[in-house]
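Beneath this line is the structure, given in structure tokens, with notes to follow.
Readers should treat all values here as calculations from the given coordinates under stated rules, not as data from a laboratory. Treat the numbers as computed from the prediction; the structure is a model and nothing was measured. Neighbour counts run over all protein chains shown; Cβ positions are idealised from the backbone, glycine included.
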Amino acid sequence: MNKRTFLKSGVMSFMALGLQRLNAVVSTKNYYNHILAETLSLEEILAQQLAFVLPELGFDFSALEPIIDSKTMQIHHGKHHAAYIKNLNDEVKRLSNTQSLQGILNTVTAKQEVLRNNAGGHYNHSLFWSIIKPASAKTERNAVQEAITIHFGSVEAMTKEFNSAAMGRFGSGWVWLCVDNKGALFITSTPNQDNPLMKKIIKKCGTPIIALDVWEHAYYLNYQNRRKDYVENFWKIVNWDAINELYLKAKK
Ligand code: MN
């Protein structure tokens, strides 16, 4: 079996698994609390079609304390993210849209508000969960940190620019470190659940490799109005190994 056949069969079996999951989701009365008992890679999530599912986090709800408290994680993942997925499933069903999540993000327009908000909500949270980890897990300096140093002068200089974009985002939204189509890094911020994959909505598009949720639901229980503290503490729980993997893939 060559690499291509192998990849294809992998996708086919993933889709078959998706159908089993659809049945599992539909038969679950407590839909909002339905969580897959496994984690999925971001690639798998982007390849998903109806029914989109909420994957398990790679860590316990309490694992990010004291930076992010357990209750916030529980509500954020099990209620907010789950609700975006439910609304996304309802909308693609209504539209008979058979695209993957990646396909939806690439083609969604500003006028398709329900699709835009909920496909964005699903992708944004999936990326966010994938690039944070318990603070105790130390990682080595890697290629993305080298690239950041070359582009911004230092990792600290990048986080400073990122944090000021987070503080400058009025109301709800996200901050991103992205790789553009020439492999260069840039920081941007988007309102609501928009993201830099939405080619028909966002001016400066790229592949996000760091995401920070600055909606109040992401921090209010613990930090109340102190967004600055939340934003600064975020860097204590970023998973540089995961970010590096995303960077290397995005650069190809
Ligand atoms: Mn959120």
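Just so you know, the Rg over Rh for the range 92-250 is 0.97, from Cα atoms, with Rh as the Kirkwood radius.
Using the Cβ of Ala110 as centre and a radius below 10 Å, the other residues enclosed give a net charge of +1, where K and R count +1 and D and E count -1. Here is the list for the range 56-131: trypsin sites (Lys or Arg not before Pro) lying in DSSP coil, each with at most 12 other C-beta atoms within 10 angstrom of its C-beta, are Lys111. Using only alpha carbons, the range 55-137 has a radius of gyration to Kirkwood radius ratio (Rg to Rh) of 1.06. Within the range 106-191, the GluC sites (Glu not before Pro) that combine a DSSP coil assignment with at most 14 other C-beta atoms in a 10 angstrom radius are Glu140. When the chymotrypsin sites (Phe, Trp or Tyr not before Pro) in the range 127-178 are filtered for DSSP coil states and for at most 10 other beta-carbon atoms within 10 Å of their beta-carbon, the remaining sites are Phe170. Normalising the average separation of contacting C-alpha pairs (under 8 angstrom, six or more residues apart) by the number of residues puts the relative contact order of the range 45-152 at 34 percent.
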